[in-house]
Each structure stands twice: as structure tokens, then as C-alpha cells.
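Participant: Below is the structure I would like to discuss, written out as C-alpha cells.
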Amino acid sequence: MKLSAVFFRIFLLGLIWLIFTSFFKLSNSQPITEEDYSEVLELKTDGLYYAEFYDYIFRGHFEEIDINRGDMQFLMLFDQYLRAYGAQCSGSLPANKVEIMNEECATEEVTKNGWGDVISSVCIKYVWVGSGLYAKPALYEAYKEIDQLQRSKGLGTMMEMITDPNSMGNSVDMIHKINGLKGDMLKIFKLNACGSPGLERFEENLKLFALDKPSIRMEKASKYTTMKNSGGPTGDQNYHKLIDDLVYDQSKTWSFNRYTTGSISSVTTSSRDSEGRPMEISANYSFSGFSGNSKGSVRITFKNGLPKCIYFYDFPRNCKTPNSSILSSYAEGKYAN
């Protein structure tokens, strides 16, 4: 797969210094190794809600991604990244930047009852309006393809939501994911400089993933893949601290309730695997909300010794994905007693 520009110059001043301002044009048969570009091809993701997704896109390890290009979640990720870049990195946009457009309602059809009260309002005509934010042309074209893909699935997506027996829980879960994504977009350009080689590589692979094309692939495995393959630690672990960190991380996406940090109690291990690692643990916690201080419970299931799903008492069927950075720390033994 060819990249957009050839960019390095070699200066021989006693030592060879490689200065990167863009990317090489390489075919897919030429894997890019970490040793080649370890100084510049880095994407910092620790602590981000979608850290694992960003890292897999950056490395071109599309097979590890559990989100499909046709998923609404991917469209949401793509959209928010473009808008955040346009707002925070406008100085790094090219001269041929294009404006990100918003679809707004131009004409509404309003239905009233006999007393003049509005009983329904339906938009019957939409128009495209400039957002005042700009994007790189190639990225925006890829985004529009995903947007069209979603629009073509519109009725089917709506029917799935209507017929889903757990639609309420999934709707709340989507709100949490949106909140988590908003937090990511406030942090990612502080962790990675606008226009940095790492972000450029991420964007190139983001475009390729959207267009269903082969990635520009790095050889070295992601730490998240390594973590999953090695599995969780054995021996006595501080599950109280682990659950507290996992619940606190999740609570940052809650809309109304506020988790009481350090309130984990009654930690119970329901089952263990053949190596003695937990397969399921549960605990109680405290939080504050509209009704004042309240108690809740959480259940965490494990796969290969690592937390896989977090289930909260109010939506016990909704699997919340644990923070990848916390899992990495846990796999490295940083929660050992």
C-alpha cells in the first residue's frame, strides 16, 4: 500500500540522523519494524477509554479489533476524532483542508391535537451546514464512506434497537461510551503532539480500516495482545484495589451518579480456574446520586485470568469493557499483595 509522501533526508554528520516529516511509500509486503522508527512512530494511549482500539489501529493489527467498520461505534469514533483534531490541531491541517459538515433540519412537520398542543414533530427536509471545523481531505472522504454505509443500514439498525430486549441497557451503555470518547478527545492531543509521526500513522491506518483496505503493519505485537496471550497473574492479588480502580474508571463515564472512591466492600470470589486465578468476583460499593448516598454491587468475570466484563447491578446484562491500561498493570503483577 502506498503512503502519501516520501519524507526523510539523510544527513551524514559523523552520525546518521533520520528526520521524518511524513511517511515512506511502502508495499504491504514490507512490514515496518519497531526498531526502524522507535523514536518517532509512537502513539501514547495509556489511560484512554479506547486505548486498545487506538493502539491496534496505529499498529495496523486490524485482526485484533472487535469493532467493525460498519458499526455505529466506529462512525462515532471517526467523527469525534476528526472534530477534535479540527478544533485542537487546526494549525496542522493542510492548505486544501475541507470543512466538516453537519446535517440539520430545515423543515419540520408538526402535528397538533384539537387543543393546539404539539403531539409530534418530524423533520421532512434536511440541509448540510458547515461546522466551522476542518479536516484532511482523504480522511474526510473515508469518513463519508462510513457515514453512507451507516445510512444504508438505517432502518435495519433502528429495528435492531427496537426489538433488542436489552435496548435500555444498551442505550445507557452507548451514553457511557460517548462520555468515554469525549474524555479521550480531550487527552489524546496532549499525549501526542498534533501532526506527530505517530498520529499520522494512526490516521493513515484509520483511513485504511474505514475503506476496508490492508493496513500498514508493524511487526511488534501490541502490549494488549501480549497481555491477553500471557494471561493474568497467579498468586495472591489485591482484588479490593483492582475492583476500586475498575469501578472508578467506569464511573468517569456515568452521567448522574458519582462513585465514592475507596468504598469497595464484601469482595467475594465465586469461582477459580485450574491455576487458582479468579473466574468471577463480586463486590459492593457506594455512590451518590439524586437520592443521596446509595449502595450498589458489581460483578466481574475473567478470561484467561484477566477481567473480561464488568456488570453493574442496575444493568446486569451489559458487559462493560475494563480499562486496557488497568488490565496491563494487573497482568504485569502490579496488584500483587
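Participant: Under 12 Å Cα-Cα from residue 182, which aspartates and glutamates qualify once same-chain neighbours fewer than 8 residues away are excluded?
Facilitator: 79
Participant: A further question follows. Apply the Karplus curve 6.51 cos²θ - 1.76 cosθ + 1.60, θ = phi - 60°, to the phi angles in the range 238-243 and return the couplings in whole Hz, x for Gly and Pro.
Facilitator: 7, 5, 4, 5, 4, 5
Participant: Take the alpha carbon gyration tensor of the range 197-255, find the square roots of its eigenvalues, order them as a ≥ b ≥ c, and report rounded if a/c is under 1.5; if not, report prolate when a/b exceeds b/c, else oblate.
Facilitator: Values: a/c = 3.49, a/b = 1.71, b/c = 2.04.
Oblate, since a/c reaches 1.5 and b/c is not below a/b.
Participant: Let me ask another. Here is the link list: 177/303; 213/252; 125/177; 97/187. Which ones come out longer than 28 Å on Cα distance? Mind dumping the intermediate values first?
Facilitator: Numbers: 177/303 22 Å; 213/252 35 Å; 125/177 30 Å; 97/187 23 Å.
Beyond 28 Å: 213/252; 125/177.
Participant: Once Lys and Arg get +1 and Asp and Glu get -1 on their Cβ, which of 312, 266, 329 lies farthest toward the positive end of the dipole of the range 226-337?
Facilitator: 312
Participant: Using a 1.4 angstrom probe and counting only protein chains, how large is the accessible area of residue 128 in Å², to 10?
Facilitator: The accessible area comes out at roughly 140 Å².
Participant: How much accessible area does residue 118 have with a 1.4 Å probe, in Å² rounded to the nearest 10?
Facilitator: We get 90 Å² for residue 118.
Participant: Could you order the peptides 105-112, 292-299 from most to least packed, using the average number of other C-beta atoms within 10 Å per residue?
Facilitator: Values: 105-112: 10.6, 292-299: 13.8.
Descending packing order for the listed peptides: 292-299, 105-112.
Participant: For the range 210-308, just say rounded, prolate or oblate: build the C-alpha gyration tensor, square-root its eigenvalues into a ≥ b ≥ c, call rounded for a/c under 1.5, and beyond that prolate if a/b exceeds b/c, oblate if not. Mind showing how you got there, number by number?
Facilitator: Values: a/c = 3.04, a/b = 1.39, b/c = 2.18.
It is oblate, given that a/c is not under 1.5 and a/b is not larger than b/c.
Participant: Next up: By the gyration tensor of its Cα atoms, with a ≥ b ≥ c the square roots of the eigenvalues, what is the shape of the range 66-117: rounded for a/c under 1.5, prolate for a/b over b/c, or oblate? Write out the running numbers ahead of the final one.
Facilitator: Numbers: a/c = 3.88, a/b = 1.90, b/c = 2.04.
Since a/c reaches 1.5 but b/c is at least a/b, the shape of the range 66-117 is classed as oblate.
The values are calculated or read from the model by the stated rules, or taken from the named source; none is laboratory data. A quick note: this is a predicted structure, and the numbers were derived from the prediction, not measured. Methodologically, a virtual Cβ is constructed for each residue, glycine included, from the backbone with ideal geometry; neighbour enumeration extends over all protein chains shown. To get the accessible areas, we keep the full protein, side chains included, count just its heavy atoms, and leave off ligands, DNA and RNA. Shrake-Rupley method; radii C 1.70, N 1.55, O 1.52, S 1.80 Å.
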